[in-house]
Amino acid sequence: MKILLYWIQRYILAMCSLMLLPLTLPAAELELPNVIPGTTTVSAEELIKLAGKIESLLLIDARLSVDHTQGAIEGSISLPDTMTSCNALGKFTTDEHHPILFYCNGPKCERSANAVQIARECGYQNVYWFRGGLEEWKKKNYPFIRR
């Protein structure tokens, strides 16, 4: 009986070690696509031009709300990708042709890409994606606000 108990404990320990293994391995670098079908990818300069041309542009920060309070592009609203849904977007506009731009931390942040996909699935047609996000914005020394 002791031998059986010993092997069961060894087996459980081995299984627990295998489950923890992914936590100890370095994370793979996430690389987002350059474009998302059905959307327009913009740079920081294009965002500025777009905001100047389209006064009603809805600028959405897809990062967590806590990140938004630490620094965001002026005029943006916080709607984390985890909270983005057709209902949530509908609180800001029900017009499927209303221009909406999403951004997050930068090219390795998938939150804005997720939010863009949700907006497209909800039927929004005029969707922009600022792939470079806050990383590009800050690199170019454009102003951002803290709340």
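Here, each number is a calculation from the coordinates, and none is a lab measurement. Bear in mind the structure is a predicted one, so any value in this text is a computation, not a measurement. Cβ placement follows ideal geometry from the backbone for every residue including glycine, while neighbour counts extend to all protein chains displayed.
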Can you find, among Gly90, Gln125, Asn114, the residue farthest towards the positive end of the dipole of segment 40-139? Put +1 on the C-beta of Lys and Arg, -1 on that of Asp and Glu. Asn114
Under 27 Å Cα-Cα from Lys108, which lysines qualify once same-chain neighbours fewer than 8 residues away are excluded? Lys49, Lys138, Lys139, Lys140
Which of the chymotrypsin sites (Phe, Trp or Tyr not before Pro) across segment 33-108 are loop residues per DSSP, with 10 or fewer other Cβ within 10 Å? none
